[in-house]
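A.B. asks: Sharing a structure with you now.
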Amino acid sequence: MEFGSKFVYLGNEEEDEEDVYCLEADDLVLSDSDSCSDDDGETCLLDILDTAGQEEYSSMRDQYVRTGDGFFIIYSITDTKSFSEAEAIHRWIKRIKGEEPVAILVANKQDLDSETVVTDDQGKALASKLGVKFFKTSAKTGQGVSDAMTGLVSGIPRSGKDYKIVMLGSGAVGKSSITLRFVNDTFVDDYDPTIEDSFRKMVKVKGMTAMTKEQMKSAKKGKKLRKKAARSSNKPSDVRAKSAGQNRSSAIQCQSTSGTASRGSIFGSIKSAFGLRPKQNFSPPPPPPPPPTSALHQQGEVDQSANKRKIKTKKTDGNVVLIPLRDLANEPNLVTGDPITCKGCQAVLTSTSTLVTTGESSSWTCEFCGHVTKDLNISEDEIPKGESIDFMLAPATKTSSQNEAGESAAPEKKVTPGIIVYCMDISSSMQEVCQMPQSQAAWREERNFGAGEITRVSRLDCIKRAVVRLIEQLKLEEPEKKVLLTVFGSEVEVKAGGAADSEPKPYFTHLENKSMSQLLEMGLNMANSYPVEPIEQSYESMDAAVKFLTTRGCTALGPALSICTGYVSKTPCSEVVLCTDGQPNVGIGSLGRAARTDFYTQIGTYAREKNITINILAMEGASVGLQTVSQAAELSGGTTNKLNPAEIIRQLRLIAQNEVVANSVTVTFFLHPQFVFDEPDFADNLSRLEKEVGAVRKETDLSFRFKLRDSSDSTPVENVPFQVQIVYTRNSDGMKCMRVLSKSTEATRDRQRMEENINVAVMGVAAMKTTANLAKAGKGKQAQQHLKNVKRLVRRGAKSSEQLEERLAFNAEAEDWDHELFDNNLCYAAPNNLNDSGMAMVQQVCGTSMMHHQAAPTKMNFVQSRKMKPTTRDLYYAYTDD
């Protein structure tokens, strides 16, 4: 349990208001009131993207390259191919940015001097040819890493304190190792190379020229315009976001379009702006034309003639609690006996409770409801200690992944429970051809010195390639994992995963009038007649089946989802991963039949009750009806994404990496009676909340805002107790536990004291989740105002290096969401306004994880768990995208 500030804020009328500028027409906030602070000429806040080890398309890498300030181009001195590709990478960056990049050439793995195949002279010659500095590093020993980063940053023209750095290079050259060595002086062996992530670090670089406030203001404005141009270059012609003079004219226009704006950041998905073209004709898109004088130049920057007004608004505060549910994967801190509970509210007696002893018995006045429990046969010393304790409610049902010595099993023995069902759309529209993303096509050409053919690929081919790669990795990483492959057009068919001699495979037709219960029963019967096998046994048949998939028919999405969910309904911890590119139009769940659209709520609820998660992957270019369909994923604890078909490979892998850690999760939160919850979808005056969560993943976080029940209440409060009860079933061994988190936090009426002790990561995650829920409820204007309010709080409070690093992370995560809420506010003005793109973005913002907002030192505990088996890593590096 983590808090938005070290102190609970009780309010102070004199300090709780501020002036902000809003657009006259609709009260949208125009800026964060973010004045430029003094520049000491040395402080640099680095936003470093550690790119994954493969060259497949990544929207995150695309955005960073387009807006990047400096580039690490890394090769290994033990690999001649990586050296030759370093030159191609430099050409590629130059081509994407349309200018000479600020870059350095880095010869890594100097600790392997005896295995050198690329000499220093070769490296220096290439650096001279490219016009960049040359550095030698060893991520393992730390040699030269800091010098290389300092050398890169010092060569970037100063335009503020923030610098975006991109780590590039072939697979296995040590991009992640250099990044982690720099940000935390750590070497992580066997790090998972498939993970792309960003890290923030504050450093001092001497010898740079300090900027005046006016120079910083001008440079900041220039950066914003360049970012805007980069976003515009990735918008399709039918994008929802219009110019500022157009986007407020019609909510209907906003609702009817099906394109998507640039997602940016960790939750993003980026579209190509235009068709592919030969290398010699390539040029970056021009910046957008200036808007009319009555419109906005840029979010936060307005023309002097723009109609704006100054208003008073209430400042936000740090009264936020965040619960990182990934901690449920940790070994429980079991205490003996049963919990002592309050008969008034069911709170548990913990270290925040106070006993009053009289003679041989004690009494407890509940700190959450005031109920008195008498005649307790317990002393103060016997109260369970610690902020986190567990009570076992039911014993383990299977052997834990921990060995008898209590040590974690080796990666080779990893087995996650449940079945994975890949449910793939093969309707006729899946044969449509989509253009390869612009930057990916450019990379192929540069890598092959212009000889690479620019190709297009069908949506189905993207799906096939993604599944083939994923099942091959699963076979090596988790050979005992059970995987079922199903497809659907107008019918539903099982392609592979069961007994090899089971022919014919299950095939379901005439699904138009089947009910959900009938379809679930069909799936359950299939589970009895067609048992699934471990991937090591079914791999060859599945691999062949995927490669020979062809398209046909319409889109029986609802029946397919029902049958697959029924199939795994008796196997807890299972997942259904459904990939589609069109609206459901056959059978139950068809969006043409309004009376049946509650099906997705029903199937999501059913899946949650059975401890099954549903993940929805929708492809750009067609409407899927995500506002309705996504309910199945949201209610079951799964994910929803709408993305470029070329990014399906990465998204399937991200789902596999973000594994379920616990199921049947219910969270009960207790507040002190003077406080109530302050969330858009909660009832007023609520001090106790019970939330059924279902399955939770490694990146699942819950956050709650709270406030004083009566703001005029002047009753003295020195310490505020909190308690969270989490009932859950461990995935590793099936043990059912109740985890009790309890903490008492000091209160204050001093706003400055509260603000300077904020936890920026907690505030950032909570702001994203709260604003996503507001937008989903049709309160987009309120969401935009709250996000700006939190950004102003963070600006005022962030002083330490860790706070500043986390502020940079929050701003990066929130940037495109901020623009989305501003540019497309009419899309978020009513719940039924959201199209697929808006709904997908809301779902991704709502799923924001704490780990994406943390400073590097805090984040490292999570990062160090990202291991990959060497054989799987070698297989990954062996892939090419040809």
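A.B. asks: Hey, could you check segment 161-217 for residues that are assigned to a strand (DSSP E or B) and small (Gly, Ala, Ser) and say which is nearest to THR78 (Cα to Cα)?
C.D. replies: Residues of segment 161-217 that are assigned to a strand (DSSP E or B), as a first pass: 162-169, 191, 197-204.
Filter once more, keeping what is small (Gly, Ala, Ser): 169, 198.
Working: GLY169: 14, SER198: 27 Å.
Taking the candidates together, the pick is GLY169.
A.B. asks: Among the residues in segment 104-120, are any assigned to a loop (DSSP other than H, G, I, E, B) and either acidic (Asp, Glu) or under 34 Å from the mean Cα position of the chain (by Cα) (or both)? I'd like the intermediate steps shown before the answer.
C.D. replies: First, pick out the residues of segment 104-120 that are assigned to a loop (DSSP other than H, G, I, E, B): 109, 116-119.
Next, only the ones that are either acidic (Asp, Glu) or under 34 Å from the mean Cα position of the chain (by Cα) (or both) stay: 109.
Scanning segment 104-120, I find at least one residue that is assigned to a loop (DSSP other than H, G, I, E, B) and either acidic (Asp, Glu) or under 34 Å from the mean Cα position of the chain (by Cα) (or both), so the answer is yes.
A.B. asks: Within segment 825-882, which helices (runs of 4 or more DSSP H) (wholly inside it) include 3 or more residues that are surrounded by fewer than 16 Cβ atoms within 10 Å (Cβ to Cβ)? It would help to see each step written out before you state the result.
C.D. replies: On the way: elements: 836-846, 856-863, 870-878.
Qualifying helices (runs of 4 or more DSSP H): 870-878.
A.B. asks: Of everything in segment 193-207, what is among the charged types (D, E, K, R) and under 18 Å from MET851 (Cα atoms)? Give them in sequence order. Give the steps one after another, and end with the answer.
C.D. replies: Initially, segment 193-207 is screened for residues among the charged types (D, E, K, R), giving 196-197, 200-201, 204, 206.
Selection gives GLU196, ASP197, ARG200, LYS201.
A.B. asks: Also: Look at GLN752 and say whether it is more than 30 Å from ASN663 (Cα to Cα) and not in a loop (DSSP other than H, G, I, E, B). Quick ask: steps written out before the conclusion?
C.D. replies: Working: more than 30 Å from ASN663 (Cα to Cα): yes; not in a loop (DSSP other than H, G, I, E, B): yes.
Against the criterion (more than 30 Å from ASN663 (Cα to Cα) and not in a loop (DSSP other than H, G, I, E, B)), GLN752 qualifies.
A.B. asks: Looking at segment 476-494, is at least one residue in a helix (DSSP H, G or I) and under 26 Å from THR871 (Cβ atoms)?
C.D. replies: Looking for residues that are in a helix (DSSP H, G or I) and under 26 Å from THR871 (Cβ atoms), one finds at least one in segment 476-494, hence yes.
A.B. asks: Right, something else. Sort through THR141, THR179 and tell me the only one that's in the same structural domain as ILE77 (by TED's automatic domain parsing), out of contact with any Pro (no Cβ under 6 Å at 6 or more places or on another chain) and crowded, with 23+ Cβ neighbours inside 10 Å.
C.D. replies: Values: THR141 fails: crowded, with 23+ Cβ neighbours inside 10 Å.
The match here is THR179.
A.B. asks: Among the residues of segment 298-306, is there at least one that is in a loop (DSSP other than H, G, I, E, B), modelled with pLDDT of 85 or more and under 29 Å from the mean Cα position of the chain (by Cα)?
C.D. replies: Looking only at segment 298-306, we keep the residues that are in a loop (DSSP other than H, G, I, E, B), and these are 299-300, 303-306.
Retained after the next criterion (residues that are modelled with pLDDT of 85 or more): none.
No; the residues of segment 298-306 include none that is in a loop (DSSP other than H, G, I, E, B), modelled with pLDDT of 85 or more and under 29 Å from the mean Cα position of the chain (by Cα).
A.B. asks: Considering (1) crowded, with 23+ Cβ neighbours inside 10 Å; (2) touching a residue at least 40 places away in the same chain (Cβ under 8 Å); (3) assigned to a helix (DSSP H, G or I), say which one GLN602 fails and leave the rest.
C.D. replies: Just one mismatch for GLN602, condition (1).
A.B. asks: Counting residues that are touching a residue at least 40 places away in the same chain (Cβ under 8 Å) and within 30 Å of ALA441 (Cα to Cα), which strands (runs of 3 or more DSSP E) fully inside segment 629-733 reach at least 3? Show your work before the answer.
C.D. replies: Working: elements: 640-643, 660-671, 675-677, 688-697, 701-708, 719-730.
Because the criterion is at least 3 residues that are touching a residue at least 40 places away in the same chain (Cβ under 8 Å) and within 30 Å of ALA441 (Cα to Cα), the strands (runs of 3 or more DSSP E) in segment 629-733 that meet it are 640-643.
A.B. asks: Any residue in segment 35-56 that is farther than 14 Å from GLY174 by Cα and modelled with pLDDT under 85 sitting within a Cβ distance under 7 Å of a residue that is of a type in the set (Lys, Arg) and part of a loop (DSSP other than H, G, I, E, B)? List the pairs, counting only those 6 or more apart or interchain.
C.D. replies: Pairs found: ASP39/LYS161; GLU42/LYS206.
Matching residues to (1) in contact with a helix residue (DSSP H, G or I) (Cβ under 9 Å, 6 or more places away or on another chain); (2) closer than 17 Å to SER177 by Cβ; (3) modelled with pLDDT under 95:
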position: ARG61; (1), (2), (3): yes, no, yes
position: GLY68; (1), (2), (3): yes, no, yes
position: ILE96; (1), (2), (3): yes, no, yes
position: PRO101; (1), (2), (3): yes, no, yes
position: VAL106; (1), (2), (3): yes, yes, no
position: ALA125; (1), (2), (3): no, no, no
position: LYS129; (1), (2), (3): yes, no, no
position: PHE134; (1), (2), (3): yes, no, no
position: GLY160; (1), (2), (3): yes, no, yes
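A.B. asks: Which condition from (1) touching a helix residue (DSSP H, G or I) at 6+ places or on another chain (Cβ under 9 Å); (2) modelled with pLDDT under 85; (3) not basic (Lys, Arg) is the one that THR358 breaks?
C.D. replies: Only one criterion is unmet by THR358, namely (1).
A.B. asks: Ok, one more. Every residue in segment 1-16 that is in a loop (DSSP other than H, G, I, E, B) and either among the acidic types (Asp, Glu) or in contact with a Pro (Cβ under 6 Å, 6 or more places away or on another chain) (or both), please. Don't jump to the end; show me each part of the working.
C.D. replies: First, pick out the residues of segment 1-16 that are in a loop (DSSP other than H, G, I, E, B): 1, 4, 6-7, 10-12, 16.
Within segment 1-16, ASP16 is the sole residue that qualifies.
A.B. asks: Would you mention how many residues in segment 791-823 are basic (Lys, Arg) and closer than 20 Å to LYS314 by Cβ? So that I can check it myself, show each step before the final result.
C.D. replies: Just the residues of segment 791-823 that are basic (Lys, Arg), to begin with: 791-792, 795-796, 799, 807.
Narrowing the set further to residues that are closer than 20 Å to LYS314 by Cβ leaves 791-792, 795-796.
Looking only at that region, the number is 4.
A.B. asks: Specify which of the listed residues (GLU446, GLU380, GLU404) is farther than 30 Å from VAL586 by Cα, modelled with pLDDT under 75 and acidic (Asp, Glu).
C.D. replies: One residue alone meets the criteria, GLU404.
A.B. asks: Then there's this: Against the definition (surrounded by 14 or more Cβ atoms within 10 Å (Cβ to Cβ) and either among the β-branched types (Val, Ile, Thr) or modelled with pLDDT of 80 or more (or both)), how does GLN438 come out, yes or no?
C.D. replies: On the way: surrounded by 14 or more Cβ atoms within 10 Å (Cβ to Cβ): yes; either among the β-branched types (Val, Ile, Thr) or modelled with pLDDT of 80 or more (or both): no.
Here the answer is no, as GLN438 does not meet what is asked.
A.B. asks: Count, please, the residues in segment 635-674 that happen to be buried (at least 24 other Cβ atoms within 10 Å of the Cβ) and of a type in the set (Asp, Glu).
C.D. replies: 1
A.B. asks: Another one. Could you grab the pairs with beta carbons closer than 6 Å, sequence gap of 6+ or different chains, first residue in segment 840-856 and closer than 17 Å to SER198 by Cα, second one β-branched (Val, Ile, Thr) and in a helix (DSSP H, G or I)?
C.D. replies: Sorted first by the residue in segment 840-856, then by its partner, the pairs are THR848/VAL765; MET850/VAL765; HIS853/VAL765; ALA856/VAL183.
A.B. asks: Return the only residue of TYR828, TYR877 being of a type in the set (Phe, Trp, Tyr) and over 29 Å from PHE682 (Cα atoms). Let's see the steps before the verdict.
C.D. replies: Numbers: TYR828 fails: over 29 Å from PHE682 (Cα atoms).
Within the list TYR828, TYR877, the selection yields TYR877.
A.B. asks: Can you tell me which residue in segment 701-741 is surrounded by the most Cβ atoms within 10 Å (Cβ to Cβ), limited to those that are polar (S, T, N, Q) and modelled with pLDDT under 90? Even if it seems obvious, please write down each step before you answer.
C.D. replies: Kept after step one, since they are polar (S, T, N, Q), are these residues of segment 701-741: 703, 711-712, 714-715, 719, 723, 725, 729, 731-732.
Retained after the next criterion (residues that are modelled with pLDDT under 90): 711-712, 714-715, 731-732.
Working: SER711: 10, SER712: 7, SER714: 9, THR715: 8, ASN731: 23, SER732: 19.
Filtering first and then ranking leaves ASN731.
A.B. asks: Consider MET763 against the criteria (1) in a helix (DSSP H, G or I); (2) over 21 Å from MET1 (Cα atoms): it satisfies all of them except one. Which criterion is unmet?
C.D. replies: (2)
The values are calculated or read from the model by the stated rules, or taken from the named source; none is laboratory data. Everything numeric here is computed off the predicted structure, so don't read it as measured data. Quick reminder, even Gly has a Cβ in these numbers, built from the backbone with ideal geometry, and neighbours come from all protein chains shown.
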